[in-house]
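This report refers to the structure that appears directly beneath it.
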Amino acid sequence: MVGLIRMLLPSKPRRYARIGLYKGPLVAWQGTSVRTVSRVATLGLGGLFIAAARPAELGEGIKMVLHVPGGEVRARAMVRSSHPGKGMGVEFTSMRPEDRARLHQLVRQLLSDLTASVN
């Protein structure tokens with residue numbers, strides 16, 4: 001699923017670790033005026049950076065479905081940063097417990113893979 005992963009060092013204090021992904025999983029997302037499929041560039045338990053040429057606007061709420069091994073993760077999120085031509089940073093605002101469990105399992109697996117590749 002992921003060709004290359006790396007741990008990102010935060011430029012500011014963050015609640016959750018972020019993992020940079022090369023060819024990350026696909027995410028289908030829908031804002032008020034856009035509905036598309038993009039790749040996840042950065043993943044964390046608190047949110048994602050979605051690579052998108054036409055990202056949603058800052059402050060916009062989006063719905064998303066993230067395709068992960070073993071199923072999918074459905075969530076709602078708020079756009080916290082938007083960079084036309086690059087993508088957007090989103091913070092999860094709601095997610096069912098079973099979706100949160102699948103996301104947590106994915107992050108745990110990626111961190112384990114990262115640790116194994118360093119050692």
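Numbers for the structure displayed
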item: Any hit, segment 88-102, residues being polar (S, T, N, Q) and without any contact (Cβ under 8 Å) to a residue 24 or more places away in the chain; result: yes
item: Within segment 17-119, strands (runs of 3 or more DSSP E) holding 2 or more residues that are out of contact with any strand residue (DSSP E or B) (no Cβ under 6 Å at 6 or more places or on another chain) and of a type outside the set (Val, Ile, Thr); result: 71-83
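This table checks each residue for (1) touching a Gly at 6+ places or on another chain (Cβ under 9 Å); (2) among the hydroxyl-bearing types (Ser, Thr, Tyr).
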site: Gly59; (1), (2): no, no
site: Lys63; (1), (2): yes, no
site: Leu66; (1), (2): no, no
site: Glu72; (1), (2): no, no
site: Ser82; (1), (2): yes, yes
site: Val90; (1), (2): yes, no
site: Thr93; (1), (2): yes, yes
site: Arg96; (1), (2): no, no
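None of the figures in this text is laboratory data; all of them are computed from the coordinates on show. Given the structure is predicted, the values throughout are model-derived calculations rather than measurements. Neighbour counts run over all protein chains shown; Cβ positions are idealised from the backbone, glycine included.
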